[in-house]
Each structure stands twice: as structure tokens, then as C-alpha cells.
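Colleague: Below you will find the structure I want to go over with you.
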Amino acid sequence: MDKKVHYLPLAKSIVLLTCLLLYFSVVEQTVAETIHQERSIYRDIMVVQNGYRRCLVFNVHRGDRNQTCVEVNDRDRLVFSYTRMSFAGLLLQPQPETILVAGLGGGSIPMTLNNLFPEAKIDVVEIDQAVVNVAKEYFFFEENDNMKVTVKDARVFVKRAALRGKKYDYIVLDAFGGDYIPEHLLTREFLGEVKTIMAVDGVLVANTFSTSRFYDHESVTYQDVFNEFFNFKLPTSGNRIIITQLSSLPPRGELVTRAQNAADRLKKYGVPLLEYPARLSTRVDWDMSRRVLTDQYSPANLLRDN
Amino acid sequence: MNQTKTQLIPGAVVIAVAFVSGFCIMTIEMLGARIMAPYFGGSQYVWGSIITIFMLALALGYLLGGRLSMRNPNPVTYAMFFIAAAVFSLPIILFADVIMQPIFLTIDDPRYGSLFASIAMYFVPTCILGMISPYSVRLLVKSHEHSGHMAGKLYFVSTIGSAAGTLGTSFYFVLYFDVNQILWGSIAALISTGCFILLFNYFLSNAASRSQAQNYG
């Protein structure tokens, strides 16, 4: 009896304290301050700051989608799982000298690559000048002698690069429009053009979503162009990263060795490279009977929700 | 004498075929951006180029069609607009790459690239399709008092056709067919419409001459 009397107020205060803590953590999460907002010809752009986390948000009205986030007090750390996942391409090409990134966003992928490989020549192609301005002003993105942004449609950029005989060791496709990847950047013909600007030992890393019916079309198309690819998914992310190269894919043992070699360098960016080799799968988990997306047939954004 | 000739094709037929032309114009226009994206990208200016060229071509078509309607308006010329528009749309399917490749190579700026590509591919067929509207008005109008009413009716139907073509293409056709299949469909529709007018005209003029012969007999 005595004990009960003593413990009750303690339990009460613990409950109260937990409630308060929960309340404040919720309040802190919901109180996000919009520090910049603008409408470009392609989309609405918003920069939202929440504590130390600053995010670039596109498509503000329908299902806010964070394009890139950065921790302003720890700028090197990559906030999103899919951004970290895109560095799995280094398991196939550990020392890229020429890099192409299609789609700037907040610029975290090109900036990290520039940090990792200061000598590498990095081309970034972004369709929207407003995104470039926002990345520079709010996301610490800076062009330098080795990293240049071109404001252009990625398809046009790749076609021109192919004409000039340009080759890249590392290509990241991360171009997203309002809803998804623009249709003309999903077709067999486009991937064929990308193939022509890949160096012999170059790697292609494409960020996609792992959503329903469209996933099948996309997978079938990549398979059609590259025969095989690593399908990289993590339970923590709705993204699926496609990683492929011109020659046949390396065995897992080699990936593990490379992960061990590079893991330390990637630690400060929060990329758990050692966990990745086990997750790179070549297993077909899509419906092979789906139609390949071509310039003639690419209703990608209509298929997505079906 | 012109009077009897223009009467050879009933108003309902003119209205119906105007729907087809409106439908096909927008089907072809909606596919324009898709066709040009591989060379000039999916940027806003590609749509700008397409719409500009369609508007200019239609404007010129209206002018020329109106002119032509002053000289002996007849169903055969009318049918020829549909068939010619179909024939001049063929390069969009058969030579799209041949047309766009050199433009892409010579013009670096995709705005002007897409503008010239639009001119090369769309100007002529759209201009011919534009001739159909004023010519239709001429075939429909039998008196001054009715001219405004007929023109209104015609633009109503052909614009509804355009709306249907836009919606059908962008919502549904692209989901089930290749771009070229949809274009072939439009070409087939235009040619069939032209042939339909010719046949209609043929049977009606036969019937007319027979009744005329009977009258004289």
C-alpha cells in the first residue's frame, strides 16, 4: 500500500513528461518555415526550413515532395536514402574522371561527387534556371573549374554530347519533372543515346520509383537496352536505383572488395557502402510481358497510377 | 449555275466533315511535342513553337481557303483539301528523323530548332486543313441572312471536333497506340472523309442529272 502511494505521482509525472516531450517533438516537426518560394515555368519551388534541416520542395500543391534536403549544420551528410544509394555506382566504377548528372535538385549528388573526386570533370544538366538559382542560394551549390551546370533539357544535352564524341565514366539520371521522370527521358531511344556517351568502363545510375505497374515498363526498357542491371532497393526508401554498365556486371565478391576499399571515404556523407553489395540484385521481379517504352510509346505518366 | 453545284452536298455532310478536320488538326498538334522531344527536349518552348506554327498555318489557310471559295465552289475541291492534307501529313511519319536531324545539327538553340522543325513538318498540312473552314462556310451558306448562323454552327462543330481530338489523343490514344499509329489513323480519317465527299458528290450529281433528264423527257 505504502509503495503504491509513493509510485503513483512518479508514474504520473513520467506520463506527463512523455506527453510534453511528444508534444514538443511534434510541434517542432510541424513548424517548418518557408524561407523561399517561387514559380518557375516548370514548377512551383519552395525552400522549407525545419530546425537545421532545409529542404527543396517541388510540386507544392499535390503531395509535397522533398527533392533534396540538407542539414545546414552538417552539410556533408546526405539526408535522403536514395541520394546515398546513388553512390552504389562507385562499386562498379570506383574512380570516375568524367561525370554527368542529369537533374540538379539541391545539388547534393554533384557536390558530394565533387568533394570525393575534386579532379573529376562534372557536367550537370538541369532544365530549370530557377532550380539552379535556388540550389546556389539556399543549398550551398557552387560551380567551379571542374563542375559546371548547363541549363538544358537532358535529352538534348545527351544528343549533343554524343555528337561531340563525349564519354562519361559516371552518369547519374535524376531528372524529375512535376510528377515523375519526363517521358522522353524514359525511352529505349534515350537510353540508347545515353549508352553512346558511356565510357567502356562507365556506369549508369538511374533514380526511379518502385511503384506498381510503371515499374514493370521501366524495368523491361532498361533490360532491353542494357540486358542486365543491378536493381537496388532498400526497405527504407520508395526509390529504386538502377545501376548498369556496358560490360557484364561484376560478381558480388568484387563489389564487396570495392565497398571495403571505399567505405571509409564515404562515411562522412552517411553512405553505408558496406551494406550495399548484398542489396544489389539481378533478380527479375517485374512483369516481363510489359511493353518497352519507346519514343513512339511512352505514356509513362499516365501508366504510373494504374 | 454555281447555286446548283453548291447544293449538291448537303449541309449535314459539311458539318460532319468539319468535325473530322477539327479532330485531326488537334490530334496531329498534340503529338507534335512528343515527336519533337527526342531532338529538342520537353521544354516549354517546344509547345511554343508548335502552337505558333499551327496558328500561323491556320491563319494562312483561312485566307487561302476563303479566296478559293470565291471561284466556283464545288465539292470536288473540298474533298481535295482533305486528301491533300493527308498526303502532306505523311512526311511527319515517314521522314520525321530526316527532317529533324539536319535542323538539330545546324541550329544549336532548341527554341529555333523546334520552330524550324515545326515549320518543316506541320506548316503545309495545317495550312491545308485551315482552308476547310472558310470553304465549308461557302458550301453551307445559301443566303446572306443565314451566313452568320452557318458560320457559327460550323465553328461550333469543328471546334468541338478539336476538343475531342485533343482529349482523345492526350488522354487515351497515347496509352494504347504508338505515335505513328495515331498519325496513320488521322491520315486514314482524312482520306476516307475526302473519298466520302467525292462519292457522295458522284451519286448526288448522277441522281441530279437523271432527274434533269426526266424533267426534259
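Colleague: So, in the range A:134-164, how many residues would count as being free of Cβ contacts under 8 Å to residues at least 60 places away in the same chain, part of a helix (DSSP H, G or I) and under 20 Å from A:Thr83 (Cβ atoms)?
Modeller: Residues in the range A:134-164 being free of Cβ contacts under 8 Å to residues at least 60 places away in the same chain, part of a helix (DSSP H, G or I) and under 20 Å from A:Thr83 (Cβ atoms): 2 in total.
Colleague: Here's a follow-up. Quick check on this structure: which one of A:Thr294, A:Thr244, A:Thr257 is of a type in the set (Ser, Thr, Tyr) and within 14 Å of another protein chain (Cβ to nearest Cβ)?
Modeller: Going through A:Thr294, A:Thr244, A:Thr257 in turn, just one is of a type in the set (Ser, Thr, Tyr) and within 14 Å of another protein chain (Cβ to nearest Cβ): A:Thr294.
Colleague: Considering only the range A:165-182, I want to know if a residue exists there that is closer than 19 Å to A:Ser86 by Cα, of a type outside the set (Ser, Thr, Tyr) and assigned to a helix (DSSP H, G or I).
Modeller: Within the range A:165-182, not a single residue is closer than 19 Å to A:Ser86 by Cα, of a type outside the set (Ser, Thr, Tyr) and assigned to a helix (DSSP H, G or I).
Colleague: If you go through the range A:270-288 one residue at a time, do you hit one that is more than 30 Å from A:Asp74 (Cβ to Cβ), touching a strand residue (DSSP E or B) at 6+ places or on another chain (Cβ under 9 Å), assigned by TED's automatic domain parsing to the domain that holds A:Ile109 and not in a loop (DSSP other than H, G, I, E, B)?
Modeller: Yes, the conditions are met somewhere in the range A:270-288.
Colleague: Still on this structure, I have one more. Check B:Ala96, B:Ala117, B:Ala37, B:Ala33 and return the single one that is in contact with a Lys or Arg (Cβ under 9 Å, 6 or more places away or on another chain) and within 14 Å of chain A (Cβ to nearest Cβ).
Modeller: Answer to the selection: B:Ala37.
Colleague: Does A:Pro118 meet the test of being surrounded by fewer than 24 Cβ atoms within 10 Å (Cβ to Cβ) and either in contact (Cβ under 8 Å) with a residue 40 or more places away in the chain or assigned to a helix (DSSP H, G or I) (or both)?
Modeller: Spelling it out, it is not the case that A:Pro118 is surrounded by fewer than 24 Cβ atoms within 10 Å (Cβ to Cβ) and either in contact (Cβ under 8 Å) with a residue 40 or more places away in the chain or assigned to a helix (DSSP H, G or I) (or both).
Colleague: Does A:Ser289 qualify as being closer than 20 Å to A:Tyr170 by Cα, surrounded by fewer than 16 Cβ atoms within 10 Å (Cβ to Cβ), more than 21 Å from the chain's Cα centre (by Cα) and away from every other protein chain (no Cβ under 14 Å)?
Modeller: Criteria not met by A:Ser289.
Colleague: I've got another one for you. One residue is enough: does the range B:150-159 have a residue meeting the conditions under 24 Å from B:Ile92 (Cβ atoms), crowded, with 20+ Cβ neighbours inside 10 Å and within 18 Å of the chain's Cα centre (by Cα)?
Modeller: yes
Colleague: Of the numbered conditions (1) crowded, with 16+ Cβ neighbours inside 10 Å; (2) at pLDDT below 95, B:Asn215 fails exactly one; give the number of that condition.
Modeller: With (1) crowded, with 16+ Cβ neighbours inside 10 Å; (2) at pLDDT below 95 applied to B:Asn215, the lone miss is (1).
Colleague: Just to check your reading of the model, which residue among B:Ala18, B:Ala79 is in contact with a Cys (Cβ under 8 Å, 6 or more places away or on another chain), buried (at least 16 other Cβ atoms within 10 Å of the Cβ), closer than 23 Å to B:Tyr155 by Cβ and in contact (Cβ under 8 Å) with a residue 24 or more places away in the chain?
Modeller: Only one candidate passes the filter, namely B:Ala79.
Colleague: Right, A:Leu185: surrounded by 24 or more Cβ atoms within 10 Å (Cβ to Cβ), within 14 Å of another protein chain (Cβ to nearest Cβ) and at pLDDT below 95 or not?
Modeller: yes
The values are calculated or read from the model by the stated rules, or taken from the named source; none is laboratory data. Treat the numbers as computed from the prediction; the structure is a model and nothing was measured. As a convention, Cβ positions derive from the backbone with ideal geometry for all residues, glycine included, and neighbour counts pool all protein chains shown.
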